[in-house]
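J.: Following this message is one structure expressed as structure tokens.
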Amino acid sequence: MELPNQTRDTLWTLIATPTIWALHFLFCYVVAAYDCAPNARIFQTIEGTRIAIAVATIVSLAAIAAIGWRAFREWRAGEGKSPHSADTAEDRERFMEFSSLLLAALSFVAVTFGAMPALVFVDCR
């Protein structure tokens, strides 16, 4: 199957955005736990942690948006109509692109909600 000006989607492109989401989630909780675990200064601000989480969130959202935009662009180039249930190589490619797009949207929302506590809470209470 020849797809002009398009990349071929694989399982790796499908799981890229949930992997970014998982890494972001792990990073946020490890950094917050490292800063708050001594439990000695629960009323002091955690500005460094909040900034680190904000930077990680911005980087994660940019990567997820880029991957989602690529999936959307290539899915729309192939007419972007569902369902992709035929047993052809092109329909499998469109299914992978559409699935990547949906997972990117889900991961974008999840990363945003994962970063919310760092935006709301200013200390370890």
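The values are calculated or read from the model by the stated rules, or taken from the named source; none is laboratory data. Here the structure is a predicted model, which is why all the values come from computation and not from measurement. Reconstructed Cβ throughout: ideal geometry from the backbone, glycine too, with neighbour counts over all protein chains shown. These area figures cover heavy atoms from the full protein model, side chains too; ligands, DNA and RNA do not enter into them. Shrake-Rupley method; radii C 1.70, N 1.55, O 1.52, S 1.80 Å.
J.: Filtering region 34-56 down to residues that are assigned to a helix (DSSP H, G or I), open to solvent by less than 30 Å² (accessible area, probe 1.4 Å) and of a type in the set (A, V, I, L, M), which residue is nearest to Pro117 (Cα to Cα)? Let's see the steps before the verdict.
T.: So the first thing to find is which residues in region 34-56 are assigned to a helix (DSSP H, G or I), and the list is 34-36, 47-56.
Restricting the remaining residues to those that are open to solvent by less than 30 Å² (accessible area, probe 1.4 Å) gives 49, 53, 56.
Retained after the next criterion (residues that are of a type in the set (A, V, I, L, M)): 53, 56.
Details: Ile53: 10, Ala56: 14 Å.
Filtering first and then ranking leaves Ile53.
J.: Taking the residues in region 97-125 that are open to solvent by 30 Å² or more (accessible area, probe 1.4 Å) and not hydrophobic (A, V, I, L, M, F, W, C) as candidates, determine which candidate is farthest from Asp35 (Cα to Cα).
T.: Thr112
J.: Go through region 67-123 and give me each residue that's farther than 22 Å from Leu23 by Cα and in a loop (DSSP other than H, G, I, E, B).
T.: The answer is Gly78, Glu79, Gly80, Lys81, Ser82, Pro83, His84, Ser85, Ala86, Asp87, Thr88, Val122.
J.: Applying the selection to region 3-51, what residues are free of Cβ contacts under 8 Å to residues at least 40 places away in the same chain and under 14 Å from the mean Cα position of the chain (by Cα)?
T.: The answer is Trp12, Thr19, Ala22, Leu23, Leu26, Phe27.
J.: With respect to the numbered conditions (1) more than 13 Å from Thr13 (Cα to Cα); (2) buried (at least 16 other Cβ atoms within 10 Å of the Cβ), which one is the sole condition not fulfilled by Arg70?
T.: Arg70 satisfies all of (1) more than 13 Å from Thr13 (Cα to Cα); (2) buried (at least 16 other Cβ atoms within 10 Å of the Cβ) except (1).
J.: Then there is this: Examine region 22-44 for a residue that is among the basic types (Lys, Arg) and either at pLDDT 85 or above or more than 30 Å from Arg125 (Cβ to Cβ) (or both), and state whether such a residue exists.
T.: So the first thing to find is which residues in region 22-44 are among the basic types (Lys, Arg), and the list is 41.
With either at pLDDT 85 or above or more than 30 Å from Arg125 (Cβ to Cβ) (or both) added as a condition, the list becomes none.
No, region 22-44 contains no residue that is among the basic types (Lys, Arg) and either at pLDDT 85 or above or more than 30 Å from Arg125 (Cβ to Cβ) (or both).
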